[in-house]
Amino acid sequence: TIKKETHSFQTEVKQLLNLMIHSLYSNKEIFLRELISNAADAADKLRFEALNHDNYFGNDSELKIRITTDKEAGTLTIADNGIGMTHDDVMNNLGTIAKSGTAEFLQKLTKEQKSDSNLIGQFGVGFYSAFIVADEVEVRTRHAGAAEEDAVSWVSKGEGEFTTEQINKSDRGTEIILHLKEEETEFLEPWRLRSIIGKYSDHISLPVEMEKMDMGAESEDEKEADEVVVPEFEVVNKATALWTRAKSDVKDEEYQEFYKHISHDFNEPLTWSHNKVEGKQEYTSLLYLPKKAPFDLGNRDKPRGVKLYVQRVFIMDDAEQFLPIYLRMVRGVLDSNDLPLNVSREILQDSATTQSLKSACVKRALGMIEKVAKNQKEDYQVFWDEFGSVLKEGLAEDYANREKVAGLLRFSSTHTDSEKQTVSLADYIERMKPEQDKIYYLVADNYATAKSSPHLEIYRKKGIEVILMTDRIDEWAMGYLNEFDGKKLQAITQGDLDLGGLESEEDKKAVEKATEEKSDLIKKVKDYLGEKVSDVKISARLSESPACVVSNDGGMSLQMARMMKAAGQ
Ligand code: ADP
Ligand code: MG
């Protein structure tokens with residue numbers, strides 16, 4: 001038996017609670033969405049786990065959520081008959097935040113005194129949002145398969161501590177009892193609750209039930225004195241899985257709410273793509289692009305991928321087998337009719353069905369991004385600014401789609417004269433000189449350095465646009481992109497000056513002449529620099545600066561050399 005125990009919250013939880021209550025207060029009704037969302041997840045998990053555990057459903061197989069209120073006690077209860085939690089689950093899920101990088105992120109927010117719902121929302125506020133409206137939260141939960149007396153209670157005032165205790169619970173699942181703050185009694189009103197559920201939870205496939213509204217047909221004194229009133233319930237949401245509905249049937253707001261449910265993102269998505277495919281392969285995919293990068297986007301190992309269903313049964317979150325790492329910003333649902341219900345991560349790994357679903361998902365995802373790039377230029381800029389550096393990884397990671405990915409890239413260039421990355425390779429090609437046959441680019445540590453590089457002098461003089469790259473991964477990523485639309489890409493800091501058709505005979509002659517005339521000078525410089533350089537040459541590259549360093553064609557670039565050095569190589 002586990003006796004009553006008091007535990008203290010992990011520091012991160014305390015910080016989160018503090019920040020959240022302040023920053024989300026104006027949007028407090030979302031707590032209900034979060035709790036319903038969790039109940040729906042719990043139902044999904046039960047359906048899946050029950051495939052391997054015959055006893056999990058027992059005689060209680062109609063999964064649902066019930067929302068009830070008690071005006072006298074001032075409580076609002078959200079009850080589900082989903083998977084429930086064991087004592088360990090409770091300890092792990094309600095009291096800690098497991099996400100790596102959380103501590104730093106919260107520290108930063110706390111320091112900057114930022115109470116910005118967008119920032120905190122990147123986080124997925126989840127269960128803890130209950131404390132926006134409640135001064136005490138009680139969780140009573142019994143895991144599927146556990147005995148009646150092996151249930152657990154968790155109680156907290158959200159002030160740094162919580163208690164757990166072993167209890168009796170007659171039915172499976174989780175009950176969240178909110179003791180509402182005095183000023184939050186509006187959440188005891190059925191009409192208020194129904195309107196919130198309609199707004200946020202129509203897309204949840206699980207029925208959400210509330211007590212039938214008494215229209216006052218029968219007044220108090222008409223009732224028999226000893227009549228026991230058994231409350232009747234009715235379903236108050238649409239309760240069909242959103243992705244199974246016809247596109248024309250789903251409102252934008254529903255798509256948006258569904259996104260929040262599956263992504264745990266607080267912001268609206270940028271766009272989505274919903275597709276039902278029948279025939280040789282049968283699946284439905286609903287993919288989203290977020291507007292805001294999560295705080296841990298840089299982490300290539302963070303959970304990513306789609307929520308996987310097989311024939312409507314939830315299989316797993318973050319199924320990463322269906323999207324490559326560079327598309328880790330894409331969220332969504334994939335529902336396959338071809339995979340077996342008992343599929344595991346290991347089986348997914350080497351299944352041919354997975355492979356073909358993956359290429360289909362990648363195609364959809366890239367298609368969706370291309371569409372935004374083409375039709376919603378401003379939105380695309382938002383997307384690029386958040387996720388551009390991640391998308392670039394695709395040049396290296398996705399050989400088959402390299403040209404597509406390259407078409408999505410945006411850069412700063414000498415043409416726009418701005419640090420903002422807005423120029424596409426197609427834009428560049430459109431502006432190329434008639435005699436020009438290469439796309440010229442320059443990689444530097446930062447924009448200021450790039451802009452004032454002496455290497456640009458000759459290009460400026462001749463009015464040739466040069467793409468300026470300053471992202472950490474540019475050098476590496478560009479190593480994979482030799483050509484775009486049949487045009488070679490040329491780093492202007494590498495090799496002999498090569499202006500293709502743009503070089504004039506005069507320039508060449510001038511260089512030859514100078515090389516002859518200044519051979520003494522060249523020799524002196526070479527002697528002086530010795531082993532430090534492999535050659536010293538006269539060049540037409542510069543018009544203002546006296547000299548610059550150039551790397552060998554095919555050799556390691558200066559930028560790369562610096563990166564290797566920084567990495568201790
Ligand atoms: P998230 O839903 O993003 O995982 P939450 O803070 O909403 O984060 O919930 C934390 C965890 O608590 C969930 O992942 C789940 O394991 C557990 N949990 C919350 N509510 C329920 C519930 N109604 N039934 C079962 N488990 C739950
Ligand atoms: Mg949640």
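Take Tyr399 and Glu346, extend 7 Å from each Cα along the Cα→Cβ direction, and tell me the distance between the two endpoints in nm.
2.9 nm
For the range 261-321, count the residues as N, evaluate 2.2 N^0.38 Å, and divide the Cα radius of gyration by that value, please.
Normalised by 2.2 N^0.38 Å, the Cα Rg of the range 261-321 equals 1.27.
When the Kirkwood radius is taken over all Cα pairs of the range 307-396, what Stokes-Einstein diffusion coefficient follows at 25 °C and 0.890 mPa s, in µm²/s? Mind showing how you got there, number by number?
On the way: Rh = 14.2 Å.
Approximately 173 µm²/s, per Stokes-Einstein.
Across every pair of different alpha-carbon atoms, what Kirkwood hydrodynamic radius in Å does the range 330-449 reach?
17.0 Å
Can you grab the distance from the C-alpha centre of the range 127-184 to the C-alpha centre of the range 1-71, Å, no decimals?
First find each Cα centre; the distance between them is then 9 Å.
Using a Debye calculation, one point per C-alpha and no hydration shell, please list log10 I(q)/I(0) for the range 189-343 at q = 0.10 Å⁻¹ in order.
Results for the range 189-343 at q = 0.10 Å⁻¹ read -0.48.
Label-point separation (nm) for Glu5 and Val230, each offset 7 Å from Cα along Cα-to-Cβ?
About 4.0 nm separates the two model spin labels.
What dipole magnitude, in Debye to the nearest 20, does the chain give about its Cα centre under +1 on Lys/Arg Cβ and -1 on Asp/Glu Cβ?
3020 debye
Modelling each spin label as a point 7 Å along the Cα-to-Cβ direction, I'd like the Asn27/Lys488 distance in nm, to one decimal.
5.1 nm
Need one word for the chain: rounded, prolate or oblate. Basis is the Cα gyration tensor (sqrt eigenvalues a ≥ b ≥ c); a/c below 1.5 gives rounded, then a/b vs b/c decides.
In terms of gyration-tensor shape, prolate.
Normalising by the residue count of the range 1-160, find the relative contact order in percent from Cα pairs under 8 Å and 6+ residues apart.
35 percent
What is the range 429-536's relative contact order, in percent, from Cα pairs under 8 angstrom and six or more apart in sequence? Walk me through the intermediate numbers first.
On the way: 88 pairs, mean separation 33.0, N = 108.
Relative contact order here is 31 percent.
Calculate the length of the line joining the C-alpha centroid of the range 418-468 to that of the range 395-416, in whole Å.
Value for the Cα centre distance between the two parts: 15 Å.
Give the residue from Ser539, Met432, Leu289 lying farthest towards the positive end of the charge dipole for the chain; charges sit on Cβ (+1 for Lys and Arg, -1 for Asp and Glu) and the dipole is referred to the Cα centre.
The listed residue farthest towards the positive side: Ser539.
Given the Cα-Cα distance of Thr163 and Lys518 and 0.36 nm per residue of separation, how much length would full extension add, in nm? List each step's numbers first, then the result.
Working: separation 355, 0.36 × 355 = 127.80 nm, distance 8.50 nm.
Here the answer is 119.3 nm.
List the relative contact order of the range 308-373 as a percent without decimals, with contacts defined as Cα pairs under 8 Å and 6+ residues apart.
39 percent
If you count, for each residue, the other Cβ atoms within 10 Å and average over each peptide, how do 363-374, 510-521, 442-453, 172-183 line up from highest to lowest? Write down the numbers at each step before the final one.
Numbers: 363-374: 17.9, 510-521: 11.9, 442-453: 16.4, 172-183: 19.6.
By packing density, highest mean first, the sequence is 172-183, 363-374, 442-453, 510-521.
Can you return the lysines within cross-link range of Lys247? Criterion is Cα-Cα under 20 Å, with same-chain partners fewer than 8 residues away left out.
Lys247 reaches Lys199, Lys238, Lys260, Lys276, Lys307, Lys363, Lys371.
What's the long-distance tail for the range 384-458, i.e. % of Cα pairs beyond 22 Å?
Summing the P(r) tail past 22 Å for the range 384-458 gives 28 percent.
Going Cα to Cα from Lys251, which aspartates and glutamates come in below 17 Å? Please leave out same-chain ones fewer than 8 positions away.
Qualifying aspartates and glutamates at Cα under 17 Å: Asp202, Glu268.
Computed from the coordinates by the stated procedures, all read-outs in this text should not be read as laboratory data. Because the structure is a prediction, the values reported are computed rather than measured. Using ideal geometry, Cβ is built from the backbone for each residue, glycine included, and neighbour counts are taken over all protein chains shown.
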